1. Do you know which residues across region 1-59 are surrounded by 19 or more Cβ atoms within 10 Å (Cβ to Cβ), among the small types (Gly, Ala, Ser) and outside any strand (DSSP E or B)?
2. Of everything in region 329-369, what is assigned to a loop (DSSP other than H, G, I, E, B), basic (Lys, Arg) and open to solvent by 30 Å² or more (accessible area, probe 1.4 Å)? Give them in sequence order.
3. Looking at Ser413, Ser400, can you tell me which residue is outside any loop (DSSP other than H, G, I, E, B), open to solvent by less than 20 Å² (accessible area, probe 1.4 Å) and either at pLDDT below 90 or of a type outside the set (A, V, I, L, M, F, W, C) (or both)?
4. Does region 370-393 contain at least one residue that is under 22 Å from the mean Cα position of the chain (by Cα), at pLDDT below 85 and on the phi > 0 side of the Ramachandran plot?
5. Report yes if some residue within region 225-232 is free of Cβ contacts under 8 Å to residues at least 40 places away in the same chain and within 25 Å of Glu406 (Cα to Cα); otherwise report no.
6. Does Ile441 satisfy the criteria of being out of contact with any Ser or Thr (no Cβ under 6 Å at 6 or more places or on another chain), crowded, with 18+ Cβ neighbours inside 10 Å and assigned to a strand (DSSP E or B)?
7. Please go through region 453-469 and give me each residue that is open to solvent by 40 Å² or more (accessible area, probe 1.4 Å) and closer than 21 Å to Glu13 by Cβ, ordered by number.
8. When you go through Asn221, Asn257 one by one, which is the residue that is part of a helix (DSSP H, G or I), closer than 28 Å to Arg309 by Cβ and not aromatic (Phe, Trp, Tyr)?
Amino acid sequence: MILLKKIIIESLESSQKTAILNEGKLEEIYIDNTIEKSIVSNIYRGIVQKVLPGMNACFVDIGKEKNAYLKLDNESSLKTGDDVLVQVIKDEIGTKGAKISQEISFSGRYLVYIPSNTRVTMSNKIVDEKERLRLKRLFYTNCKNETGYIIRTEAQGCSMEDFKNDIKELKSLYANVEKEFKRGKGPKLLYTASDTAIKYVRDNISDEIETIITNDENKYNDLREILKEIDRKYIEVLKLDKDVDVFNVYGVESQLNRYLSKKVWLKSGGYLIIEKTEALTVIDVNSGKFTGGAKLANTAMKINEEAAREIVNQIIVRDIAGIIIVDFIDDQIVSSSKKKLLNIMKEEFKKDKRKNEVKGMTSLGLVEISRRREKEPLEDYFLKDCKRCGAKYGDLSLNSILDLIEKKVMNISRNTVYKKVRLIFNPSIKPNIINKYMNIIKKIGLKYRVEIEIAESTDVKDFAVEIVK
């Protein structure tokens, strides 16, 4: 049975979010913060600022506020003042600058091109041996002089023509970057990666995609061109719901709350408690309201099995990374049950695009998971720590507030005849809005042809939107 997926793209003034629904369930979500844009995969000409011989590393000026960190190999001859071609592999986080690499890569639909590499390899996620052999023969027979490629998971079923088109496009991109690198001196942006929505659709479009919905006309037009290049039949699945709150209409919003909550209920009546600390994330499995099963061990195992699947889903959607400790219900879990839980988690993690590892289970029922960190987790976009009580993720972030304001203004414009609204902010928030984000507020007003005035009141917790009649 083919599971049908929906791709829902919500374009707002302060963010673009791409949600993947699999049979109605939120499976992945990607957020492009348009105020603080990610620079991962961007390619720069940088200048070496300081070499750290003892660490085999250096700091590089790529034109950002903080110098980027570059790990060097033992044979590197880079010195202060040298120009260097680099690609960002990790955004700035807190006080740390971006992490960069001299290994440049370009991702196509079926291939990844790494010019400095001399090999041709294949994604480990292609597990069908017949397909692996077919792809190897296809590539080596027709592209035997080509090196530096990774055959992507998405290449399954593709033709030689698909490979050749990818190779032509990827080599052209690299040639343009090289040309720009040699022109002039000093920090310069040479290549900007596609936004997440475009990249996801380009890489994942297939007959499994039931529909692609966006609320932005420009994004619709961009996606239409991409789909036309891949296969015109996919244009039929693309739909424009202009200026509609698509996350609310298609059920993403209600599910998101589940991935922002500390407590997550399971269908069995059990629940998870998800706690993030400085060093790691702890997920505790509890029996809760579960009443099934006469034996305690059976009860615990049924909850644990459901929890194992839900935990992986929560980790992927929340984008939890680093060290994760899972505390299953431990009622003398037998060896076969431990193995079953670990196998469930490993199988579910095959859906994950991040490098991850599920370790063994201790006698106390604890499982250790490691997952590569690439960007901030979901909570960091939507929530912030409460200044009043200190609770972790206790308040709405300014990103959330700006998104919610736009959605409320959008609905007023779409569903009423009123063309003037008043935004009322708590005095603790208003100065930040006035000093940093009034340009976003003005853009929202122009976009929906609504006049916006600003007020403040201690009677509102964060903000309120009211119609001016």
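The values are calculated or read from the model by the stated rules, or taken from the named source; none is laboratory data. Everything quoted here is computed from the prediction, not taken from an experiment. Using ideal geometry, Cβ is built from the backbone for each residue, glycine included, and neighbour counts are taken over all protein chains shown. Accessible surface is based on the protein model in full, side chains and every heavy atom, while ligands, DNA and RNA are left aside. Shrake-Rupley method; radii C 1.70, N 1.55, O 1.52, S 1.80 Å.
1. Of everything in region 1-59, those that are surrounded by 19 or more Cβ atoms within 10 Å (Cβ to Cβ), among the small types (Gly, Ala, Ser) and outside any strand (DSSP E or B) turn out to be Ser14, Ser38.
2. Initial filter on region 329-369 (assigned to a loop (DSSP other than H, G, I, E, B)): 329-334, 352-355, 362-365.
Still in the running and basic (Lys, Arg): 353-355.
Listed by number, the residues that qualify are Lys353, Lys355.
3. Numbers: Ser413 fails: open to solvent by less than 20 Å² (accessible area, probe 1.4 Å).
Sole residue among the options that is outside any loop (DSSP other than H, G, I, E, B), open to solvent by less than 20 Å² (accessible area, probe 1.4 Å) and either at pLDDT below 90 or of a type outside the set (A, V, I, L, M, F, W, C) (or both): Ser400.
4. Yes, some residue in region 370-393 is under 22 Å from the mean Cα position of the chain (by Cα), at pLDDT below 85 and on the phi > 0 side of the Ramachandran plot.
5. no
6. In short, no.
7. The answer is Glu453, Ile454, Glu466, Ile467.
8. Answer to the selection: Asn257.
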